[in-house]
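So the structure is just underneath, and the comments pick up after that.
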Amino acid sequence: MTMRAERPGLLKYRELAQMQDFVDHEWGFADDFDGPTFLWDPTISTCARHDDALRADTPVAPADEAEQIIDRPMRWYLDGIAAVTPNARRTADGIDVPRADMPSFRLESQALAGVDAVVANATGSSRWLEGTRNLCRAIELTARFLSMCEDRNQEGLEYLKELLQITRIYLDAVASHADPSVGAQALRMVTAVACNEDFRINPMPMIELLSCCLSFARYDDTCVHAYETLDTALASMDAMARRYGETADEDARFRSMIDDEYAFELADLSGLANDLYEASRSDSQPDRQDMELHAHYRFRQAVLLLRHDLMRMSGDVDGADALLREHATTSPLGDAYAARLIHARRWNDLFEFTSTMVADQSAPFLVMFPDELVPYDWESLEEVALQALDDRARLRDLYRERVLSSFDEDEMPALTNLRHVSTNREWRDQVARIVEIYRHEGTHAVRNRVYERLLVMQGLRDEAMRYLDDFPDAWPDLAEIL
């Protein structure tokens, strides 16, 4: 709905004002990087600075000792399950228990107490390489342990997510304080873990861990190492897929994944991570080839988020914007590009872009804007652009079409907006055109509540009588002009 200003001044458009307020204050634009980011969270640096005051040049547990500390409570946990489970079978890596007999993992079991101890020791030290080494080993062993458990309540998954976040915070401190050569070594350790077998079939946790490189993208002397991380991950995933042939993941099973199954999941990183974990624990396990090709296809889409943030944070603003536009039909990249244009007040570009998306039948639904701000999806953003340009002729066409296609009372703002962007003469013309078009459209399947309101507003009794021929149950709503 809009509020009308006196001619000849500009109209004050409520939709435009609400959209600007949302994008400027709720979207989370990082002013330092002149645009949106997906994987970077400024609170990472805030937490790192807080922890700096608590860190000291203290010793870090030797690698073999740290591994023993981590492993011992895990072994006790698995041995306890084996002792009370008749069908348990010991293996070199632990135990093999039928899923139905495996108890649900609980953090209160203290099986991860050793991880807590090693992580606390590592993150409290400014001996960056040793601290990073132990964090990486803690991540590896935790992921491996959880793969042997039944984490039905996802307590283990949440723990792993928190561990990844702790690692990102520590690596941010490494990027800020360590010598660039030391930072490069630490980042390569993290990258190696992210590209191991446990993470390569779970792309979103993998991307989360790879996102440690974003802290290094902010500095000229370490930015190259951030891009090295991206290249290493791409090479690792491509090599995994090539084991099944150069074009294996272009099979029809995988080509339509983003459009059909995962188009909207990339916007919800934690949600996708949950889905991936559940898929990996399902009763009907896919074969290894399907799992790895599946993961590669997901990774190729998810890594766009990392590439974008790297460009944005390293100062390649044009490159980041170009990536958003080039991949606008992969959610949520199109949403982010629209928000970028709104934030920069590039209204002509926004109109051109949203018009293209409205016309594109393959365009995904918007997922990063509240439904109440985009009730007509991409067309709502096109409307915002037209309002910012004060293009009243196009707005009249837009609102007239909405009135004609409406059926819900929630769409009444289309009628109000049409009145506000029209002079008295233009309004009379619009009313006449709407009535003429509606009359010649033929039989209508459902009532048009907005059209009914127009008939009442204008006192169009003859048209109301014609309307009642199709919808006699509308009599109470039209009674005041009959």
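So what's the gap between the Cα centers of segment 397-455 and segment 299-333, to the nearest angstrom?
Value for the Cα centre distance between the two parts: 40 Å.
Nearest 10 degrees is fine. How inclined is helix 14-25 to the longest principal axis of the chain, computing both from alpha carbons?
10 degrees
Decide, for the chain, between rounded, prolate and oblate: order the square roots of the alpha carbon gyration tensor eigenvalues as a ≥ b ≥ c, take rounded if a/c falls under 1.5, and otherwise choose prolate if a/b is larger than b/c, else oblate.
prolate
Compute the long axis of helix 424-440 from its Cα atoms, compare it with the longest principal axis of the Cα atoms of the chain, and write down the angle in degrees, 0 to 90, nearest 10.
So the helix axis and the longest Cα principal axis differ by about 80 degrees.
Going by average Cβ density within 10 Å per residue, which order do the peptides 228-234, 183-189 take, highest to lowest?
Result, highest mean first: 183-189, 228-234.
Can you list residues from other chains, or at least 5 along the same chain, whose modelled amide H is less than 5 Å from the amide H of Glu150?
Phe105
Rounded, prolate or oblate: which fits segment 89-170, taking a ≥ b ≥ c as square roots of the Cα gyration tensor eigenvalues, rounded meaning a/c under 1.5, else prolate when a/b beats b/c?
prolate
Hey, rough spin-label estimate for Asp221 and Glu158, points 7 angstrom out along Cα→Cβ, what's it come to in nanometres?
4.2 nm
Rounded, prolate or oblate: which fits segment 136-225, taking a ≥ b ≥ c as square roots of the Cα gyration tensor eigenvalues, rounded meaning a/c under 1.5, else prolate when a/b beats b/c?
Because a/c hits 1.5 or more and a/b exceeds b/c, segment 136-225 counts as prolate.
Would you please give the residues with an amide H less than 5 Å from that of Asp96, counting only those at least 5 places away or on a separate chain, with H modeled from the backbone geometry?
Arg89, Arg90, Thr91
Calculate how steeply helix 43-52 sits against the longest principal axis of the alpha-carbon atoms of the chain, using the helix alpha-carbon long axis, and give the answer as 0 to 90 degrees to the nearest 10.
That helix lies at roughly 30 degrees to the long axis.
How much net charge surrounds Ser125 when only the other residues with a Cβ under 15 Å from the Cβ of Ser125 are counted, with Lys and Arg +1 and Asp and Glu -1?
-1
List the residues, sorted by chain then number, that are 5 or more residues from Lys12 or on another chain and whose placed amide H is less than 5 Å from its amide H.
Met3, Ala5
Over what distance in Å are the Cα centres of segment 356-390 and segment 157-228 separated?
36 Å
Taking the Cα of His444, stepping 7 Å toward and past its beta carbon, and measuring to each backbone N in segment 462-482: which are under 13 Å?
The answer is 463-475, 478.
Karplus couplings for segment 417-423 from phi (6.51 cos²θ - 1.76 cosθ + 1.60, θ = phi - 60°), rounded to Hz, Gly and Pro as x?
5, 4, 5, 6, 9, 10, 6
With a cut-off of 8 Å between alpha carbons and a minimum separation of six or more residues, what is the relative contact order of the chain in percent?
Numbers: 576 pairs, mean separation 67.8, N = 482.
Reported relative contact order: 14 percent.
Taking the Cα centre of segment 49-208 as the origin, how large is its charge dipole in debye, to the nearest 20, when only Lys and Arg (+1) and Asp and Glu (-1) carry charge on their Cβ atoms?
Dipole size: approximately 160 debye.
Go ahead and estimate [θ] at 222 nm for the chain from helices alone: -39,500 (n - 2.57) per DSSP H run with n ≥ 4, summed, over the residue count, rounded to 500.
Values: 24 runs with 299 residues, N = 482.
Calculated mean residue ellipticity at 222 nm is -19500 deg cm²/dmol.
Bear in mind that the values in this text are calculations on the coordinates, not laboratory data. Being a predicted model, the structure only gives us computed values, none of them experimental. Heads up, the Cβs are rebuilt from the backbone with ideal geometry, glycines too, and the neighbour counts pull from every protein chain shown.
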